[in-house]
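What follows is a short report on a single structure.
The values are calculated or read from the model by the stated rules, or taken from the named source; none is laboratory data. Note that the coordinates shown come from a computational prediction; the quantities given were computed from them, not determined experimentally. Don't worry about glycine lacking a Cβ; one is built from the backbone with ideal geometry, like all the others, and counts go over all protein chains shown.
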Amino acid sequence: MFTSQTSSFQDSIDVEERDADFDNEEIMGYNQKAQQLNCYYSIYFYQSTRSEAADDKMARSHRRTESTTTEDDFSLSLVDTSLPPEAEPELRCYISRRLSKGALLGGMGNIATVELSVPEQAVGCYCCLLEQERSPGQAEGEGSGDYVVCFLGGSEKGLNLYPLEGEELELDKYVQGLQNSLSPELQNLETEIRPYLSRWYEESVMHIYRVVQLVQGNISYLLHAALSHAHVEVIGADERTKADVARFIKAASLQGLVQEDTTASLCKAISEDSHSDLVIDCSTAPPTLTNTVSNRFCDDWNQAFLNAAERCNPFLLRQILENFKLKAIQDMNNLKRFIGQAEMSHYALFRCCLFLQSCGTGDVLLQNARAEHSGLPEACSIIRVLEEFLSEQAQGTVH
């Protein structure tokens, strides 16, 4: 009865069996391609050919969302692309259809699968309309136009694995970094714009892969630090590596998924203990990690990350990271339910002990529960009993 309430570890890491994950054929394709996975970009100049008064602007925007705009209402011209010559016109036709239906909103990218004359045939395509600032009273069809930026690579499912808080895509954030570099003259096309667009895959997708390659079998320490809100300091490394580790910790943490006051309490308590900081010294090869803490739950995920890294598949790595977080959330919700039941039942308290013993991440779960229930005396007393139980179990294991 108890085991039926928690999903097995194997189920949580078996990405092939989950509806939200990659299918077998897709994963096999990545295995065969390895590091030869291609990625592309395209940028287009978009300009409305309809002249309108400023006071009609809102009405037209409303009509456009209702798909009343036709292809005759705008022009779309290529600025730069890394696509093969035969594939670019196909992409432009696809974007034109999206624009004619009002399916591209300013600053908000969307992701779909497109079939192009590229080796992959079908690829994930991210498209975003970057609207340029206009002077007050200037209508959309007047003056400078806007830009449509497209990133292509991997799959639609893969690209959708990169959200930020508030469901904003990481690719949205990356595209916005291009905003100030765009101008009608595009004099900086070769010096700024093209290099920036060419780096989208390295900067927005590959960071988790680079971190796993950096720490190798020590990835469990980073996972534990992320779940327990511990500070991670990277020394002896360049800024890119530091940013990669920070983004990995943020992606692996439950930030935004637990109550803000709970997160604040945990961060405050941990910051007062400098010995809890995980330090990654990259001046040595391989890097040296100090103040390392892990648990059985995080250790069990090590091999899943290493296997995906061997496949050179950053999208699979991101899916595994999302599954890791999902399992941690499930365990946290189970513990909260058990604590509520244990206040009224000794049997429920016993089940709670069994759960903490089997889940492998009892230390982190109780740490979060203690912060979340700090104002509830009865729950706090239950948590103290559970902490004593885990401590006795740990001592028994040592002996």
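Residue check: is Ala328 in a helix (DSSP H, G or I) and touching a residue at least 40 places away in the same chain (Cβ under 8 Å)?
Details: in a helix (DSSP H, G or I): yes; touching a residue at least 40 places away in the same chain (Cβ under 8 Å): yes.
Here the answer is yes, as Ala328 does meet what is asked.
Take Glu233 and decide whether it is within 30 Å of Val79 (Cβ to Cβ) and either touching a Ser or Thr at 6+ places or on another chain (Cβ under 6 Å) or not basic (Lys, Arg) (or both). Working first, answer last.
Working: within 30 Å of Val79 (Cβ to Cβ): no; either touching a Ser or Thr at 6+ places or on another chain (Cβ under 6 Å) or not basic (Lys, Arg) (or both): yes.
Against the criterion (within 30 Å of Val79 (Cβ to Cβ) and either touching a Ser or Thr at 6+ places or on another chain (Cβ under 6 Å) or not basic (Lys, Arg) (or both)), Glu233 does not qualify.
In this structure, does Ala342 turn out to be in contact with a His (Cβ under 6 Å, 6 or more places away or on another chain) and more than 28 Å from Ala251 (Cα to Cα)? Working first, answer last.
On the way: in contact with a His (Cβ under 6 Å, 6 or more places away or on another chain): no; more than 28 Å from Ala251 (Cα to Cα): yes.
No; evaluated as a whole, the condition is false for this residue.
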- Query: Ala237 passes all but one of (1) in a helix (DSSP H, G or I); (2) at pLDDT 95 or above; (3) assigned by TED's automatic domain parsing to the domain that holds Ser294; which number fails?
  - Reply: (1)
- Does segment 302-321 contain any residue that is of a type in the set (S, T, N, Q) and more than 28 Å from Gln213 (Cβ to Cβ)? no
- Task: Among the residues of segment 101-121, write down those that are more than 18 Å from Asn160 (Cβ to Cβ) and buried (at least 18 other Cβ atoms within 10 Å of the Cβ).
- Result: Leu116, Val118
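Within segment 357-372, is there a residue that is surrounded by fewer than 16 Cβ atoms within 10 Å (Cβ to Cβ), out of contact with any Ser or Thr (no Cβ under 7 Å at 6 or more places or on another chain) and over 21 Å from Val293 (Cβ atoms)?
Within segment 357-372, the first condition is being surrounded by fewer than 16 Cβ atoms within 10 Å (Cβ to Cβ), and the residues that meet it are 357-358.
Then keep just the ones that are out of contact with any Ser or Thr (no Cβ under 7 Å at 6 or more places or on another chain); that gives 357-358.
In the following step, the residues that additionally are over 21 Å from Val293 (Cβ atoms) were identified as none.
Taking every residue of segment 357-372 in turn, none turns out to be surrounded by fewer than 16 Cβ atoms within 10 Å (Cβ to Cβ), out of contact with any Ser or Thr (no Cβ under 7 Å at 6 or more places or on another chain) and over 21 Å from Val293 (Cβ atoms).
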- Task: Just one of (1) under 30 Å from Asn295 (Cα atoms); (2) surrounded by fewer than 21 Cβ atoms within 10 Å (Cβ to Cβ) trips up Ser183, so point out which.
- Result: (1)
- Output for segment 321-345, where each listed residue is within 19 Å of the chain's Cα centre (by Cα), surrounded by fewer than 16 Cβ atoms within 10 Å (Cβ to Cβ) and either of a type in the set (D, E, K, R) or at pLDDT below 90 (or both): none
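Within the bounds of segment 113-120, is there any residue that is of a type in the set (Val, Ile, Thr) and part of a loop (DSSP other than H, G, I, E, B)?
Taking segment 113-120 and keeping what is of a type in the set (Val, Ile, Thr), we get 113-114, 118.
Narrowing the set further to residues that are part of a loop (DSSP other than H, G, I, E, B) leaves 118.
Yes, segment 113-120 contains a residue that is of a type in the set (Val, Ile, Thr) and part of a loop (DSSP other than H, G, I, E, B).
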- Task: Starting from segment 335-347, take each residue that is over 12 Å from Ser381 (Cα atoms) and of a type outside the set (Asp, Glu) and list its partners that are assigned to a helix (DSSP H, G or I) and modelled with pLDDT under 85, counting only C-beta distances under 7 angstrom and pairs at least six apart or across chains.
- Result: Phe338/Ala348; Gln341/Ala348
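Any idea which residue in segment 150-203 is modelled with the highest pLDDT, counting only those that are on the phi > 0 side of the Ramachandran plot and not in a loop (DSSP other than H, G, I, E, B)?
Just the residues of segment 150-203 that are on the phi > 0 side of the Ramachandran plot, to begin with: 153-154, 166-167, 186.
Restricting the remaining residues to those that are not in a loop (DSSP other than H, G, I, E, B) gives 153, 166-167.
Details: Gly153: 92, Gly166: 53, Glu167: 55.
So, considering only residues that are on the phi > 0 side of the Ramachandran plot and not in a loop (DSSP other than H, G, I, E, B), the one modelled with the highest pLDDT is Gly153.
Let's see how each residue does on (1) outside the structural domain of Arg384 (by TED's automatic domain parsing); (2) assigned to a loop (DSSP other than H, G, I, E, B):
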| residue | (1), (2) |
| --- | --- |
| Asp300 | yes, no |
| Gln303 | yes, no |
| Cys312 | yes, yes |
| Gln319 | yes, no |
| Phe338 | no, no |
| Ala348 | no, no |
| Phe355 | no, no |
